[in-house]
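The values are calculated or read from the model by the stated rules, or taken from the named source; none is laboratory data. Note that this is a predicted model, so its numbers are computed, not measured. Don't worry about glycine lacking a Cβ; one is built from the backbone with ideal geometry, like all the others, and counts go over all protein chains shown. Only protein heavy atoms, including side chains, enter the accessible area calculation; ligands, DNA and RNA are left aside. Shrake-Rupley method; radii C 1.70, N 1.55, O 1.52, S 1.80 Å.
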Amino acid sequence: MGSGGREDALAWKIAQSPALTELHCAPGNPGIARHGDCHPVRAEDAEGLLGLARELAVDLVVVGPEVPLVEGVADALRKNGVAIFGPSRSAAAIEGSKSFAKEIMSAAGVPTAALLPVARPPCVIKADGLAAGKGVFVCRTQDELDAALPTAAALGHPLVIEELLEGPEVSVFALCDGVNAVPLPAVQDFKRAFDGDEGPNTGGMGSYSPAPDVDVDELVDRIHRPVLAELARRDSPFLGALFAGVMLTENGPRVLEFNCRFGDPETQSLLPRLESNFLEALAAAAAGDARHVELRVIDEAAVTLVMAAGGYPVSGDTGSSIAGIDEAESTGALVFHAGTAQHGDRLVTNGGRILGVTALGPTIAAARERAYDAAARISFRGARYRSDIAKEAAVVS
């Protein structure tokens, strides 16, 4: 379910499984269509998805984006006997509501940023609801706070005010079956629109894996497993991908937020590093028993660049011809489609984040060089991407 770069990466990886008989996607995109059949059913259309699942007699549904999960699509399918990798509405509230996530973390004893009674710099303002990765405002000065408050309020959600934490941020994922958590490689992503981490927050402008100096097993022990236990205690077991955004402060790790699905563009850097049968792992988690799942990770690093429309994140682009993907892929890079559409024999832009270009290498520096070489071969009107993705990590890798 879904139509972005994350879903293209999921489809690409699932298609590699020898256990796969057929792959279908709703609604999909031109990249996903290379791996399976696409159907014009929106990911939020529970009734349409249930009808499609019955018509196709599917064995497993894998949910990509957060909106259908928060709206309860997984509940609608699960209660009608469809196996689904994705949490219930009540468990997905850990992403859908920042205040609920705070409540869960407090009950579970998971370290996080402190709540503040009033908004004074330095602080972080968060919209208490889904905002496509654009509902967080870091306010170090009064001017930044004055600009953030009306923008955050315009999103239509209550506001949550937190202390401003400092340190490197990592994305930590685990496949969850309601009780057990299977760690995945840590990923570093880049949320700001422009080089030097300047500009507004976006859905994500790039990522790399492995993130340096991260003990994933320890973080999953301290963060994911207590949260799983607390959700289960509340009769809301979490089945799916539990994604913690973690800041590594000088006082130890602190959770910034939880998401109820795979990240975008983190997934595009994460999945190429898995050599094991990913589909079987998803099916085991969806069935409620991932105890025997082992995910093998290759030694190579991965770097992903997001190629975006010139006006992103304020505006996207539609209808511009895209050229050079075949040439980019001839270098060995992977090109995942995000905001694309097919108009006859023309591949065109259809969104804000258009493509994700991922390359592997023995080091982050090598993977980065290959990703930038591949991205330089692709063109569309107004195409832009950050020039500093994984730059600092490449120096020490």
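Okay, here's what the table says:
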| item | result |
| --- | --- |
| Pairs from 13/134; 134/391; 191/391; 98/126; 102/191; 134/191 whose Cα-Cα separation, in the structure shown, is over 19 Å | 13/134; 134/391; 102/191 |
| Size of charge dipole - the chain - debye, nearest 20, with Cβ of Lys, Arg +1 and Asp, Glu -1, no other charges | 480 |
| The range 212-313: GluC sites (Glu not before Pro) in DSSP coil with no more than 16 other Cβ atoms inside 10 Å | 250, 275, 294 |
| Centre separation in Å (Cα based) which lies between the range 322-345 and the range 115-136 | 36 |
| Among (1) 1.19; (2) 1.26; (3) 0.94, the entry that matches Rg/Rh (Cα atoms, Kirkwood Rh) as calculated here | (3) |
| Full-extension gain in nm, residue 276 to residue 298, via 0.36 nm per residue minus C-alpha separation | 7.0 nm |
| Unit charges at the beta carbon, dipole of the range 56-144: most positive-side option, 63, 88, 115 | 115 |
| Counting DSSP beta bridges with both ends in the range 44-171, the antiparallel % (nearest 5) | 80 |
| Estimated dipole of the range 179-266 in Debye, rounded to 20 [Cβ of Lys and Arg +1, of Asp and Glu -1, Cα centre] | 420 |
| Loop sites in the range 184-237: trypsin sites (Lys or Arg not before Pro), DSSP, at most 14 other Cβ within 10 Å | 234 |
| Most positive-pole-ward Cα, 334, 259, 274, against dipole of the range 213-335 from beta carbon charges | 259 |
| Nonlocal amide H pairs with residue 381, under 5 Å, H built at 1.01 Å | 321 |
| Amide hydrogen neighbours beyond the local backbone of residue 340, cut-off 5 Å, H modeled | 350 |
| Low-density loop positions, trypsin sites (Lys or Arg not before Pro), the range 270-322 - DSSP coil, at most 12 other Cβ in 10 Å | 291, 296 |
| Amide H contacts of residue 347 (H built 1.01 Å from N, under 5 Å, at least 5 apart or other chain) | 322 |
| Accessible surface, the chain, averaged per residue in Å² (probe 1.4 Å) | 41 |
| Surface share of carbon and sulfur [accessible, 1.4 angstrom probe, percent] for the chain | 50 |
| Residue-by-residue Karplus 3J(HN,Hα) for the range 381-394, coefficients 6.51, -1.76, 1.60, Hz, glycine and proline x | 4, x, 4, 8, 7, 5, 9, 10, 5, 6, 5, 5, 5, 5 |
| Distance between the range 60-94 and the range 181-256 - C-alpha centres, whole angstrom | 21 |
| Residue 120 versus residue 179: modelled label distance in nm, points set 7 Å from Cα along the beta carbon direction | 4.8 |
| Burial order of peptide ranges 305-315, 113-123, 204-214 (average beta-carbon count within 10 Å, highest first) | 204-214, 305-315, 113-123 |
| Theoretical ellipticity at 222 nm over the chain - DSSP helices of four or more residues, -39500 (n - 2.57) apiece, nearest 500 | -7500 deg cm²/dmol |
